[in-house]
Amino acid sequence: MEGLIVLLILVGIILVIGLVFFRMYNSLVRARIRVQEAWSGIDVQLKRRSSLIPNLVETVKGYAAHEKEVLENVTRARAQLDRAETPGQAAQADNMLQSTLRSLFAVSENYPDLKANQNFLELQRELTDAEDKIAYARQFYNSNVRNYNTRVHSVPTNMIASMFNFREEEFYEAEEAAREDIQVSFSR
């Protein structure tokens, strides 16, 4: 009879350990999926903003054709962002695109007719909206990355993370210069 009780206690302990193990594993899976979902939110907004760039470039070309280098830099930065595969690459390309957009908007200051163009004004509004959504998506993504990375490094889930190859995720960080807002509004 004592042997049966000991066996039942051991089986109970093994079941509890197994349940705790599965719960920790599943929490890591959920956290990783939330990070992936949050990244897709950034990706969607970056693509949305990126799709506005050709229209912006064409509008500016009509008024500032001799600003070829600035327009080429914007186009090149957009292409680099479109090719980015990781959050780190995307953040770097996004920072470059923001820098080139600042240059483009600085150049547009020299063209009053361009600043008054309805298409240009609408593109500015849409870019401002896209920037706001990117900032929110980046914050949401980084929050999920922080939560996931905390699980990956916290005891005892770090042991499970290590066994099942859960790796730390990259934050989506802006460079100091890119942290400043892009000026996209002009007064007449």
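The values are calculated or read from the model by the stated rules, or taken from the named source; none is laboratory data. This is a predicted model, so every value here is computed, not measured. Glycine also receives a Cβ, built like all others from the backbone with ideal geometry; neighbour counts cover every protein chain displayed.
Is it the case that the stretch 165-176 has a residue that's modelled with pLDDT of 95 or more, buried (at least 19 other Cβ atoms within 10 Å of the Cβ) and either outside any helix (DSSP H, G or I) or touching a helix residue (DSSP H, G or I) at 6+ places or on another chain (Cβ under 7 Å) (or both)? Among the residues of the stretch 165-176, at least one is modelled with pLDDT of 95 or more, buried (at least 19 other Cβ atoms within 10 Å of the Cβ) and either outside any helix (DSSP H, G or I) or touching a helix residue (DSSP H, G or I) at 6+ places or on another chain (Cβ under 7 Å) (or both), which makes the answer yes.
Of the residues screened, Val107 is not one that is farther than 30 Å from Val57 by Cα, touching a residue at least 40 places away in the same chain (Cβ under 8 Å) and either in contact with a helix residue (DSSP H, G or I) (Cβ under 8 Å, 6 or more places away or on another chain) or not hydroxyl-bearing (Ser, Thr, Tyr) (or both).
Val35 - would you say it is farther than 30 Å from Arg167 by Cβ and surrounded by 15 or more Cβ atoms within 10 Å (Cβ to Cβ)? The answer is no for Val35. Among the residues of the stretch 124-159, write down those that are of a type outside the set (Asp, Glu) and either touching a strand residue (DSSP E or B) at 6+ places or on another chain (Cβ under 9 Å) or over 17 Å from Arg34 (Cβ atoms) (or both). Once the filter is applied, which keeps residues that are of a type outside the set (Asp, Glu) and either touching a strand residue (DSSP E or B) at 6+ places or on another chain (Cβ under 9 Å) or over 17 Å from Arg34 (Cβ atoms) (or both), the stretch 124-159 yields Gln124, Arg125, Leu127, Thr128, Ala130, Lys133, Ile134, Ala135, Val155, Pro156, Asn158, Met159.
Among the residues of the stretch 1-32, those that are under 18 Å from Met163 (Cα atoms) and of a type in the set (A, V, I, L, M, F, W, C) comprise Ile17, Leu19, Val20, Phe21, Phe22, Met24, Leu28, Val29, Ala31. Residues that are closer than 16 Å to Gln124 by Cα and touching a helix residue (DSSP H, G or I) at 6+ places or on another chain (Cβ under 8 Å) within the stretch 72-104 comprise Val74, Leu97, Gln98, Ser99, Thr100, Leu101, Ser103, Leu104, listed in sequence order.
Inspect the stretch 61-75 for any residue being at pLDDT 90 or above and crowded, with 19+ Cβ neighbours inside 10 Å and give the result as yes or no. Yes - at least one qualifying residue is present in the stretch 61-75. Of the helices (runs of 4 or more DSSP H) lying entirely inside the stretch 32-145, none contains at least 3 residues that are under 30 Å from Thr157 (Cα atoms) and of a type in the set (Ser, Thr, Tyr). Scanning the stretch 35-51 for residues that are in contact with a Lys or Arg (Cβ under 7 Å, 6 or more places away or on another chain) and hydroxyl-bearing (Ser, Thr, Tyr) gives a single hit, Ser50.
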